[in-house]
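The values are calculated or read from the model by the stated rules, or taken from the named source; none is laboratory data. In this text, all values refer to a predicted model and were calculated from it rather than measured experimentally. No Cβ is skipped: glycine too gets one built from the backbone with ideal geometry, and neighbour counts run over all protein chains shown.
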Amino acid sequence: MQSKWLLLLPQVALFSVISLQLAPRVADCSNNTTIRCIDEEREALLSFKQSLVDEHGFLSSWGSEDNKSDCCEWIGVYCRNKTHHVYALDLQDGSLKLKGTILSPSLRKLQHLTYLDLSDNDFSGIPIADFIGSLSSKLRHLDLGWAGFAGSVPPQLGNLSNLQYLNLGYNDLLSVGNLLHWLYHLSSLRYLHLGHNNLSNSNDWPLVVYKLSSLTTLILEGCDLPPFFPSADDPLHLNSSKSLEFLDLSENNLTSSVYPWLFNVSSNLVELGLSSNLLQGSIPDAFEHMVSLQTLFLYSNELEGGIPKFFGNMCCLNELVLCSNQLTGQLFEFIQNLSCGCAKNSLESLDLSANAVTGPIPELGGLSSLKSLYLGGNRLNGTINQSLGRMYKLEKLSLGGNSLTGVISEDFFSNTSNLKVLKLGHNSFTLKFRHDWIPPFQLNIIKLNSCKMGRHFPKWFQTQNQIDWLDISNTGISDTIPDWFWDLSRKKLSFLNLSNNQIKGKLPDLSLRFDTYGPCIDISSNHFEGPIPPLPSNASVLNLSKNKFSGSISFLCSISGHKLMYLDLSNNLLSGRLPDCWLLFDRLGILDLANNNFSGKIPDSMGSLPNIQILSLHNNRLTGELPSTLQNCLLLKLMDLGRNALSGEIPTWIGESLPKLIVLSLMSNKFHGIIPFQLCHLPFIQILDLSSNNIPGIIPKCFNNFTAMAQEKSSVLSVTSNYSFISDGGFPLVWYDNSYFGQAELTWKGSQYKYQNTLGLVKMLDLSSNKLGGEVPEEIMDLVGLIAMNLSRNNLTGQITPKISQLKSLDFLDLSRNRFFGGIPSSLSQLSGLSVMDLSYNNLSGKIPSGTQLQSFNASTYAGNELCGLPLPNKCPDEDLAPRPGKDDANTPEEEDQFITLGFYVSLILGFFVGFWGFCGTLLVKSSWRHRYYNFLTGIENWFYVTAVVNIAKLQRRLRS
């Protein structure tokens, strides 16, 4: 799917042309010794440089040395050929960011400046300086986007009356009250980008269009705009813009109340972005009056129904994006509505993915101009329609995530020479191509995950030398990876997913085989072996889990790590000490090194991961105390350090500094010391596992502060961490948002289980196999959301409180091998959901309360106590002394009938057998008896019939009389 970034591209291109006209590069004057730079302006620029931190030497050409004295030759500086004045300063460079904590006012001395671009740098949250508004009145182009500015926008910017281009997007700017008034003075403004700032208090945002009569582009994406409810006599209904062509209001939680203003805003709109809002109901008919509309983004809303017929009559419509809504209906109706008018000749891109569209894929020949078709994530069924293969203009085809079936052969692709994107994954396709097949296309993106491709690597991949994105996960490949695979593309890969196959072999050096955008590599769940080779230093996602990799991971320290967000090396044969270079990974959000053979201490630098949310070091051989630096990982949701040899006391800072924890597992270690009461400060904790340690003391009463455990319903299905990476996957640049599902290994019903997709539903308290004593505090019974509670193998004493009946969600309860005494409370039988319970080896006594629930458990549940009654074989004393109830007692069961014995039942069955076959056998053998018996039955039937007719006749005569 083409992203909302497309909305910006035409205008960015337009203003790039304008900018080039404003700021042409000077001719090469290397042979001219004349210094053209004006001294005052050179000093101003050098002073400005002093206010910046240039880590990468972007401004290395700037200096006061003799060989650098001509500022007109500095990078980013442009001078007029005749006057030599600096008229353009362009310091935008995405790969070599400048940093600064102050903006030097020396820029005011550049009085001839018409072009200023400081975008895509990092100014560390400082406000935009007021003096920017007092720059040259000649300034036409001001770009401060993606620059890390914060705070309110200085109204002095309204003094730049000749400004035509203003970009303040993607900062952290804030509006307080109606602070867009300063914009009204910029009457020459044509391009305005305020996207991804906080304009939640700017109630005057709808007026911007009408106050700026020259405006052609307005981008207010992701601004948290306040809702707009125009009245019937609002002047906004009377005036519409003649100039506005590009409008982006996406990601603002706007409702359908915006429609009256929207449909009157401009009669010349060419592109409109309304994605990621709260629009509901059917698509309004008023869109048909936007006759100039070429691109319409309505994705990620709550729109219902189908595609209106009027779209077919919009003769300029080029791109229609309706994905991620609630659209329903048959696909053939949608296609028919779009093919009924002139839109069939103009429509080049249609995106209906992630809806609830049903039916088979119909004939698509009517949409002859279609280049991009996205139908993934619907409810389509049947086989793939052959008409798709005849659409020779088609460049992008996405059918993934449906219920499509059938065999796809090379014949289908015979007329698809323009195809660049092919997404067929998550269907039931079988791909069968000739061994020597040479496709007519060159693909950029291949997504065939979960298709059946056969055991061997497809040889036709060797013909594809433009691959950027490749996903052939879960396709049944059980081959050794061929050498040619790593050199199959002239381009460098940005995404590779080979997971969930049975691929064997060793990996080559991967450090130079991937592009610079932060590639994603997932080769998990295969049979790769050997040491992990050098990996791309700019990777954003690395998942090598569930293989047979061995050796150390010291190679991580050679990775720059600046882009790495996801690292999963779990379930391998890796060993050695953990590297102590985690300072490099400032964006890392997921780190999973579980189920390996790592040893030694957890390095202090692991506490220098400011964005870490998931940390799993489960089942290794780590030793020592937890480093106190981990308290700096304020965003941690899941910390699983179980099954190691960690020691020391449980740190108090876990409860004080990690308030977002949902899962904390320290099981099977060597922790000692009491449970710190500071753990009670974890309101979101749903799984607390401290089992199998050496923890003495008592259970803190304040555990009832675990708010999430005290709620019956779970607020989350899974424990996730979101991450994004960028790719040019077939252009344009697109952000891909993903979620990692945290996982934890829990002891459940006596066995080890791994929970992932439903981890958020599990609420468990496991303190088993420690040295805890004292009574179980009644406050624990306030945790009514608990699914599992395991307090076994401790020295707990006291009686089981009747309040245990409050834990109605319990499925697993283990209080075994403690010192509980007294009787089992009858209220325990009210826990109807219990499937596993163990009260064995305590000092419990008395009768097991009667009830279906408690009697359904095995006798071993109660072993090692002084209990009696079912399901135990020993009866209680009061049961032996009780008199037998009499037969006449209506409220008690009758005395057992001694006549009904086993012999009685045997005789009954034998008598029935002899009598039945004696009679029926005779009828089968003797035909004379059989005829007489049938005649007898016929006579009986006739007698009943005659008697009924006579009686009915008599009744009728009486009624008539």
Q: Only residues that are assigned to a loop (DSSP other than H, G, I, E, B), of a type in the set (V, I, T) and exposed (fewer than 15 other Cβ atoms within 10 Å of the Cβ): list them for the stretch 473-523, please.
A: T516
Q | Unique match (being within 20 Å of L807 (Cβ to Cβ), basic (K, R) and either at pLDDT below 95 or surrounded by fewer than 22 Cβ atoms within 10 Å (Cβ to Cβ) (or both)) among K670, K713 | A | K713
Q | Test: H435 is of a type outside the set (G, A, S), in contact with a helix residue (DSSP H, G or I) (Cβ under 7 Å, 6 or more places away or on another chain) and surrounded by fewer than 18 Cβ atoms within 10 Å (Cβ to Cβ) | A | yes
Q: Would you confirm whether any residue within the stretch 803-812 is at pLDDT below 55 and crowded, with 22+ Cβ neighbours inside 10 Å?
A: no
**Q.** Residue satisfying condition, being closer than 22 Å to S417 by Cα and assigned to a helix (DSSP H, G or I), within set K393, K344
**A.** K344
Q) Can you tell me which residues in the stretch 53-85 are of a type in the set (V, I, T) and in a loop (DSSP other than H, G, I, E, B)? A) I75, T83
Q | In the stretch 618-638, the residues that are within 18 Å of G561 (Cβ to Cβ) and assigned to a loop (DSSP other than H, G, I, E, B) | A | C633, L635
Q: Just need a number here: residues in the stretch 779-822 that are more than 19 Å from S691 (Cβ to Cβ), of a type in the set (S, T, Y) and assigned to a loop (DSSP other than H, G, I, E, B).
A: 2
Q. Residues in the stretch 648-669 that are of a type in the set (G, A, S) and within 16 Å of P610 (Cβ to Cβ): how many?
A. 1
**Q.** Single unsatisfied condition, L375 versus (1) without any contact (Cβ under 8 Å) to a residue 40 or more places away in the chain; (2) crowded, with 18+ Cβ neighbours inside 10 Å; (3) over 20 Å from P458 (Cα atoms)
**A.** (1)
Q: Output the number of the condition that K344 fails; it satisfies all remaining conditions of (1) at pLDDT 95 or above; (2) among the charged types (D, E, K, R); (3) over 22 Å from S300 (Cα atoms).
A: (1)
Q: Can you tell me which residue among L367, L397 is crowded, with 18+ Cβ neighbours inside 10 Å and modelled with pLDDT under 95?
A: L367
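Just for strands (runs of 3 or more DSSP E) wholly inside the stretch 527-575: which have at least 2 residues that are under 17 Å from Q502 (Cα atoms)?
527-531, 548-551
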Q. Tally time: how many residues in the stretch 568-615 are farther than 20 Å from G551 by Cβ, touching a residue at least 40 places away in the same chain (Cβ under 8 Å) and small (G, A, S)?
A. 1
**Q.** Out of S489, S478, S511, sole residue that is over 26 Å from the mean Cα position of the chain (by Cα), hydroxyl-bearing (S, T, Y) and more than 26 Å from L422 (Cα to Cα)
**A.** S511
Q) Which of (1) free of Cβ contacts under 8 Å to residues at least 24 places away in the same chain; (2) in contact with a Pro (Cβ under 8 Å, 6 or more places away or on another chain) is the odd one out, the single condition F433 does not satisfy? A) (1)
Q. For the subset of the stretch 293-323 comprising residues that are among the small types (G, A, S) and either over 24 Å from G401 (Cα atoms) or in contact with an Asp or Glu (Cβ under 9 Å, 6 or more places away or on another chain) (or both), which member is modelled with the highest pLDDT?
A. S300
Q | Breaking point among (1) in contact with a Phe, Trp or Tyr (Cβ under 6 Å, 6 or more places away or on another chain); (2) buried (at least 23 other Cβ atoms within 10 Å of the Cβ), for L544 | A | (1)
Q: Scan D568, D586, D580 and give me the residue that is assigned by TED's automatic domain parsing to the domain that holds G642 and buried (at least 21 other Cβ atoms within 10 Å of the Cβ).
A: D568
Q: Residue by residue through the stretch 577-591, note down the ones that are within 16 Å of P627 (Cβ to Cβ) and assigned to a strand (DSSP E or B).
A: R577, L591
(Q) Please verify whether G561 is buried (at least 20 other Cβ atoms within 10 Å of the Cβ), assigned by TED's automatic domain parsing to the domain that holds I602, modelled with pLDDT under 90 and touching a Leu at 6+ places or on another chain (Cβ under 9 Å), treating the condition exactly as stated. (A) yes
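Rundown of residues vs (1) at pLDDT 95 or above; (2) in contact with a helix residue (DSSP H, G or I) (Cβ under 7 Å, 6 or more places away or on another chain), yes/no style:
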{"site": "L118", "(1), (2)": "yes, no"}
{"site": "G125", "(1), (2)": "no, no"}
{"site": "P155", "(1), (2)": "no, yes"}
{"site": "G169", "(1), (2)": "yes, no"}
Q: Answer yes or no as to whether I445 is of a type in the set (V, I, T) and under 30 Å from the mean Cα position of the chain (by Cα).
A: yes
**Q.** Test for L173: is it under 39 Å from the mean Cα position of the chain (by Cα) and within 19 Å of Q92 (Cβ to Cβ)
**A.** yes
